[in-house]
Amino acid sequence: MSAGVIDIGYLELFGATAFMLVAAVVAGALRLRQTKAIVVSTVRCFLQLLAMGLLLVYLFKYQSWWLVCLVLVGMSLAATQIALGRVKGKALNIWPEVFGTIFLSSMIVAFIVVEAIVHASPWYDARVLVPISGMVLGSTLSATAVAIDRLFSGMDVRSDEIAAYLALGATPREAAFPSIRSAIGSGLTPALATMSAAGIVQIPGMMSGQVLAGADPMIAAKYQIVVLLMISAATTLAIVAICLTTYRKRFTSDACFLSPALRDE
Amino acid sequence: MAFFEARGLAVSYRRNGVPFEPFSDVGFELFAGQIADLVGPSGSGKSSLLCACARLLPKTSGTLVLKGADSTSFSPEEWRRRVCYVPQKPTVVAGTVRDNLLLPWSLRVRRNDEAPDDAALRSLIADAALDDVDLDRDAAQLSGGELARVALLRAFATRPDVLLLDEVDAALDDATARSVSRLTRRLVRGDTACLRIRHRPPDGAADRTLRLERGRIAQIDHAEAGV
């Protein structure tokens with residue numbers, strides 16, 4: 001079955017902007033002072049996605065391994081900035097850890113999928129590698145941000161317990177471990193919930209896109225299953241890595257706990 | 001020779017965003033088999049001093065010496081195993097009373113130590129007038145006074161060289177506070193020293209009293225020692 005791609009005209013595309021009037025009317029009626037945010041978000045959505053489309057057109061035409069890798073690094077940098085933006089106010093200096101976690105966990109899983117499951121040829125085929133990496137990066141950045149937030153909030157809530165553990169001779173990792181375990185559990189929940197709801201409550205994005213683009217629904221379903229499984233693996237890797245590489249930020253080099261009262265925030 | 005010694009101790013940290021230096025040159029000695037009470041006005045830095053002695057608060061200068069060995073020759077975990085701080089606010093972890101009493105033996109620093117058996121734990125809780133508390137009882141169901149004693153017994157059970165007790169009897173009634181004092185006295189024998197912060201009238205358990213005031217420490221006699 002191949003119905004072909006139904007293109008959207010630019011007139012219809014810009015006409016779809018009217019959908020944002022719903023948000024604008026609600027914001028105006030409730031005086032949410034979010035008119036600027038609505039306009040900026042809409043313009044960013046247009047510009048970023050059209051720019052990505054143009055970039056992919058260029059990449060598909062002139063693809064080379066270094067250009068594809070450069071794009072993936074650029075996407076990982078952007079994902080890092082967005083993840084850090086979601087955990088503002090934590091007084092953390094964790095840029096290298098977040099970038100390393102998001103980049104490595106996403107790329108390891110994306111390359112396994114591209115090489116071992118999709119069998120893309122060449123391995124850097126931008127038509128396969130970039131969209132798959134993009135989907136994994138989107139999920140790992142969300143999971144990483146949630147895990148960081150839960151980890152450090154949890155450690156603050158457990159300040160007295162952490163101090164008690166340390167006083168008994170616990171290492172920082174032993175003292176922080178209940179918070180690490182809780183943060184990992186919280187970070188895994190969204191990916192597992194999405195997998196459980198897939199196909200019943202919602203048709204996930206990739207499958208929808210492929211069906212709309214005229215692909216056989218069974219092929220789209222198989223791709224979607226692989227994508228959900230790889231997202232689960234990548235987010236698990238990311239959550240575990242970010243928790244284990246950052247919890248020490250709340251301890252001094254002499255293993256003293258920096259409780260909220262002692263921090264310079 | 002002093003069993004435990006602090007020399008020229010200073011700590012400085014930000015407290016709620018404001019620079020705070022409770023003391024800058026504090027020195028004192030503890031002797032084996034003795035209990036010393038630490039008194040002083042509220043905010044004079046008594047708890048900070050105890051935390052600094054346990055290396056739970058980074059010191060900016062000064063030295064800590066245990067049985068002739070400088071604190072820098074121990075890892076923080078090894079030091080805290082020997083110099084045990086018990087906070088005023090009792091903290092228990094999720095689980096039974098037994099889980100809480102055995103918590104120190106679940107840590108890497110004591111991986112080679114043998115944990116006390118149930119008979120030893122029962123003897124310990126009986127000593128603290130907790131006879132009616134079963135080892136299998138959920139720690140979350142304990143009253144405030146029982147929690148305080150379980151947290152205290154957990155530290156006692158580890159037999160540290162130095163016990164630093166930060167108003168551990170604050171939440172206890174007079175009778176229970178007296179039983180804790182007796183328990184402390186029994187534990188502090190020839191191979192242990194104890195420094196206690198107390199806001200209760202002298203209970204006769206302390207061998208001497210130290211006063212921390214305006215960043216200085218001084219030994220005072222028992223007649224002066226009070227609330």
Sorting A:Phe19, B:Pro76, A:Leu129 by the position of each Cα along the dipole of the protein assembly as shown (Lys, Arg +1; Asp, Glu -1; all at Cβ), the one nearest the positive end of that ordering is A:Phe19
Sorted largest first, the C-alpha extents of chain A along its principal axes in whole angstrom are 68, 53, 38
Among chymotrypsin sites (Phe, Trp or Tyr not before Pro) in the stretch B:1-69, those in a DSSP loop whose Cβ has at most 15 other Cβ atoms within 10 Å are B:Phe31
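Within the stretch B:158-223, report the trypsin sites (Lys or Arg not before Pro) that DSSP leaves as loop and that have at most 16 other Cβ atoms within 10 Å. Don't jump to the answer; show the numbers that get you there.
Numbers: sites: B:Arg178, B:Arg182, B:Arg185, B:Arg186, B:Arg189, B:Arg196, B:Arg198, B:Arg208, B:Arg211, B:Arg214, B:Arg216; in loops: B:Arg189, B:Arg198, B:Arg214.
Sites meeting the loop and neighbour criteria: B:Arg189, B:Arg214.
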Filtering trypsin sites (Lys or Arg not before Pro) in the stretch A:55-97 by DSSP loop and by at most 12 other Cβ atoms within 10 Å leaves A:Lys88
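Placing +1 at every Lys and Arg Cβ and -1 at every Asp and Glu Cβ, with all other atoms neutral, what dipole size does the stretch B:4-220 have around its Cα centre, in debye to the nearest 20?
Details: 32 positive and 30 negative charges, 148 e Å.
With only Lys, Arg, Asp and Glu charged at Cβ, the dipole is about 720 debye.
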Of all C-alpha pairs within chain B, those more than 28 angstrom apart amount in percent to 29
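If each residue's Cβ is checked for other Cβ atoms within 10 Å, how do B:Cys51, A:Cys69 rank with the fewest at the top? Numbers along the way, then the final one.
Details: B:Cys51 22, A:Cys69 13.
By the 10 Å Cβ count, ascending: A:Cys69, B:Cys51.
Could you work out the relative contact order of chain A, using alpha carbon pairs under 8 angstrom and six or more residues apart, expressed as a whole percent? If you can, show how the numbers build up before the last one.
Details: 245 pairs, mean separation 65.6, N = 265.
Taking the mean separation of contacting Cα pairs over the length of chain A, I get 25 percent.
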Averaged over the residues of A:252-262, the number of partner chain Cβ atoms within 10 Å of each residue's own Cβ comes to 5
Using alpha carbon centers only, the stretch A:94-112 is separated from the stretch B:41-107 by a whole-angstrom value of 38
Within chain B, excluding any GluC sites (Glu not before Pro) found in a DSSP loop (not H, G, I, E or B) and having at most 14 other Cβ atoms within 10 Å, the longest uninterrupted segment runs B:1-113
When the charge dipole of the protein assembly as shown is computed with +1 at the Cβ of Lys and Arg and -1 at the Cβ of Asp and Glu, the Cα pointing farthest to the positive end, of B:His199, A:Ala143, A:Leu192, is that of A:Ala143
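Nearest 20 debye, what's the magnitude of the dipole of the stretch B:59-106 about its Cα centre given +1 on Lys and Arg Cβ and -1 on Asp and Glu Cβ? Don't skip to the end; give the middle numbers.
Values: 7 positive and 4 negative charges, 27 e Å.
That gives the stretch B:59-106 a dipole magnitude of about 120 debye.
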The ratio Rg/Rh over the Cα atoms of the protein assembly as shown, Rh being the Kirkwood inverse mean 1/r radius, stands at 1.13
Over the Cα atoms of the stretch A:160-265 the radius of gyration and the largest Cα-Cα distance (Dmax), both in Å, equal 20.6, 63
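Longest segment of chain A with no chymotrypsin sites (Phe, Trp or Tyr not before Pro) in a DSSP loop having at most 14 other Cβ atoms within 10 Å?
A:124-265
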What helix-only [θ] at 222 nm does chain B give? Using -39500 (n - 2.57) per DSSP H run of at least 4, over all residues, to the nearest 500, the answer is -7500 deg cm²/dmol
By Cβ neighbour count within 10 Å, fewest first, B:His199, A:His119 rank A:His119, B:His199
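Counting Lys and Arg as +1 and Asp and Glu as -1, each charge on the Cβ, what is the dipole of the stretch B:1-84 about the Cα centre in debye, to the nearest 20? Show your work: numbers first, answer last.
Numbers: 10 positive and 8 negative charges, 51 e Å.
That gives the stretch B:1-84 a dipole magnitude of about 240 debye.
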Simple SL model, points at 7 angstrom along Cα→Cβ for A:Thr35 and B:Arg182; separation in nm is 7.8
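In the stretch B:4-220, what % of DSSP beta bridges are antiparallel (nearest 5)?
Details: 22 of 39 bridges.
For the stretch B:4-220, the DSSP antiparallel bridge percentage is about 55.
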per DSSP, antiparallel bridges as share of beta bridges in the protein assembly as shown, % nearest 5, sits at 55
Inter-chain shielding metric for A:160-166, i.e. average beta-carbon neighbours from other chains within 10 angstrom, reads 6
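For Cα pairs less than 8 Å apart in space and 6+ apart in sequence, what is the mean separation divided by the residue count of chain B, i.e. the relative contact order in percent? Provide the component values of the computation, followed by the final result.
Values: 426 pairs, mean separation 67.0, N = 227.
Relative contact order, chain B: 30 percent.
Let me know the mean shielding of B:48-59 by other chains, meaning the per-residue number of their Cβ atoms within 10 Å of its Cβ.
Values: counts 0, 0, 1, 3, 1, 0, 4, 5, 7, 5, 7, 2.
Per residue, the number of nearby Cβ atoms from other chains is 3 on average.
Laboratory data are not the source of any read-out in this text; all were calculated from the coordinates shown. Since the model is a prediction, treat every value here as computed from it, not as a measurement. Cβ: placed from backbone, ideal geometry, glycine included. Neighbour counts: every protein chain shown.
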